[in-house]
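In what follows, a structure is listed as structure tokens, so that the remarks can point back to it.
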Amino acid sequence: MKFEISFNDGDNGSSFDGFLSFTSRGTQDGEIPPASFYVSDNGEKNVLDAFKKDGVVMDIYYMRTGWGLYDGSSTQYKWNHNLVDWEERPGDEWKKGLQIDCYADKKIYLWRQTGVGIMEAFKKLAGQFGDKADGKLPVVKMTKAEVMKFKNGTQTSFPILEVVDWVERPFPLEAKLGNTVANEEPEF
């Protein structure tokens, strides 16, 4: 029997090319402007222009929803078992969130984020799916950002997302499925 081990030297071992996030206020370091989607990878941050230009393919069939808790350095997640039934909120500080693979610029980005604005954006986007999905994936563009005001006087902004096309699953997303979720059924 052959012994095999990998320490992933020089490779983060992930099946995506960076983390995707939306920022309402911009980043504190000023690198990313307000109301922007950006990718962070190995400490670098870059605006993902594809959200405003050609659009981003979202893998809605293998996405997750659930609860996230930021502990000051990282976020813990407790995912729902499916996209319809929400698990009980684990505690008062936990926020609704999502995780979805996105494909743009020939790369796969992982959008994993919590917050009222993110969930509002995706709720409005999901309303556009209807029976149009039919096995295809949406190409999504951000058309603008809207301000959301809370009862306590604070506010945030959230992206207005629009489905501009439906496409077959791009090969990189198909290949990722073979590596990560073989034999699983889609959750959507």
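The values are calculated or read from the model by the stated rules, or taken from the named source; none is laboratory data. Since the model is a prediction, treat every value here as computed from it, not as a measurement. Cβ sites come from the backbone with ideal geometry, for glycine too, and all protein chains shown count toward neighbours.
Table for the structure above
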quantity: Residue satisfying condition, being closer than 21 Å to Thr27 by Cα and out of contact with any helix residue (DSSP H, G or I) (no Cβ under 8 Å at 6 or more places or on another chain), within set Glu174, Glu146; calculated: Glu146
quantity: Candidates Ser36, Ser73 - the one that is surrounded by fewer than 16 Cβ atoms within 10 Å (Cβ to Cβ) and either over 29 Å from Trp166 (Cβ atoms) or in contact with a helix residue (DSSP H, G or I) (Cβ under 9 Å, 6 or more places away or on another chain) (or both); calculated: Ser73
quantity: Answer residue from segment 49-85, given it is basic (Lys, Arg) and assigned to a strand (DSSP E or B) and is nearest to Ile118 (Cα to Cα) among those; calculated: Arg64
quantity: Considering residues of segment 121-170 that are assigned to a loop (DSSP other than H, G, I, E, B) and charged (D, E, K, R) only, the residue surrounded by the most Cβ atoms within 10 Å (Cβ to Cβ); calculated: Arg169
quantity: Selected residue (criterion: nearest to Ile108 (Cα to Cα)) from residues of segment 42-51 that are of a type in the set (D, E, K, R) and surrounded by fewer than 16 Cβ atoms within 10 Å (Cβ to Cβ); calculated: Asp49
quantity: Unmet requirement for Gly117, which otherwise passes all of (1) in a strand (DSSP E or B); (2) surrounded by 18 or more Cβ atoms within 10 Å (Cβ to Cβ); calculated: (1)
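Residue-by-condition table, conditions (1) at pLDDT below 95; (2) under 27 Å from Ser40 (Cα atoms); (3) not β-branched (Val, Ile, Thr):
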{"site": "Asp85", "(1), (2), (3)": "yes, no, yes"}
{"site": "Arg112", "(1), (2), (3)": "no, yes, yes"}
{"site": "Phe129", "(1), (2), (3)": "yes, no, yes"}
{"site": "Lys132", "(1), (2), (3)": "yes, no, yes"}
{"site": "Met142", "(1), (2), (3)": "no, yes, yes"}
{"site": "Lys149", "(1), (2), (3)": "yes, no, yes"}
{"site": "Gly153", "(1), (2), (3)": "yes, no, yes"}
{"site": "Ser157", "(1), (2), (3)": "yes, yes, yes"}
